[in-house]
1. Looking at the stretch 30-47, is at least one residue of a type in the set (Asp, Glu), more than 24 Å from residue 89 (Cβ to Cβ) and surrounded by fewer than 20 Cβ atoms within 10 Å (Cβ to Cβ)?
2. Look through the stretch 11-22, keep the residues that are assigned to a strand (DSSP E or B) and crowded, with 16+ Cβ neighbours inside 10 Å, and return whichever of them is modelled with the lowest pLDDT.
3. Pick out the one residue from 126, 109, 100 that is assigned to a loop (DSSP other than H, G, I, E, B), of a type in the set (A, V, I, L, M) and modelled with pLDDT under 95.
4. Please determine, by comparing only the residues of the stretch 44-63 that are part of a loop (DSSP other than H, G, I, E, B) and over 26 Å from residue 10 (Cβ atoms), which one is modelled with the highest pLDDT.
5. Do you know which of the residues in the stretch 64-81 that are in a loop (DSSP other than H, G, I, E, B) and out of contact with any strand residue (DSSP E or B) (no Cβ under 9 Å at 6 or more places or on another chain) is farthest from residue 18 (Cα to Cα)?
6. Across the stretch 23-43, what is the total count of residues that are outside any strand (DSSP E or B) and either basic (Lys, Arg) or more than 13 Å from the chain's Cα centre (by Cα) (or both)?
Amino acid sequence: MLKIGACTVDAALDEISRDGNKVKIEPRAMRVLVYLAEHAGVVVSVEELLSHVWADLVVTPDPVYTTIAALRRALEDDSKEPRYIVNVPRRGYRLVASVALASGSEVAAAAPTANPPPAVPTVEIAESSTRRHTSRWWWWGAAIFGH
């Protein structure tokens with residue numbers, strides 16, 4: 001488990017809890033949050049998130065934007081006055097909240113930019129073959145016709 005700011009993050013259950021309230025988030029959103037936590041304090045580009053979280057699909061940047069918005073809602077963060085995820089225009093996103101490993105009642109603090117916490121195991125979600133097939137055709141069409 002991770003402690004991110006005032007929230008406790010349980011990646012195995014895809015849950016964020018704060019003040020006794022638990023919020024369930026999508027598995028890919030949890031993967032984005034864990035990736036940002038592993039790179040706390042560092043700007044992570046949209047392309048980097050796409051290649052690490054959506055590696056099995058060819059998609060536009062839109063899923064990253066909607067996932068960041070969902071994470072902000074779950075973390076009760078405000079994009080205008082962020083306490084967790086900062087948008088760095090034309091560069092990406094940066095997790096600015098403190099990140100620590102939580103094991104039971106013991107919390108070991110981790111420096112935001114040095115030695116990020118180890119990756120939390122996540123469950124891969126299989127995408128439907130239809131969507132993957134459609135995404136590939138879109139990519140080929142864009143490559144052939146230059147769109």
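1. No: zero hits.
2. My answer is 18.
3. 126
4. If we take residues in the stretch 44-63 being part of a loop (DSSP other than H, G, I, E, B) and over 26 Å from residue 10 (Cβ atoms), then 45 is modelled with the highest pLDDT.
5. Result: 80.
6. Residues in the stretch 23-43 being outside any strand (DSSP E or B) and either basic (Lys, Arg) or more than 13 Å from the chain's Cα centre (by Cα) (or both): 4 in total.
The values are calculated or read from the model by the stated rules, or taken from the named source; none is laboratory data. All of these numbers come straight from a predicted model, not from anything done at the bench. For neighbour counting, all protein chains shown are included, and Cβ atoms are generated from backbone atoms with ideal geometry for every residue, glycine included.
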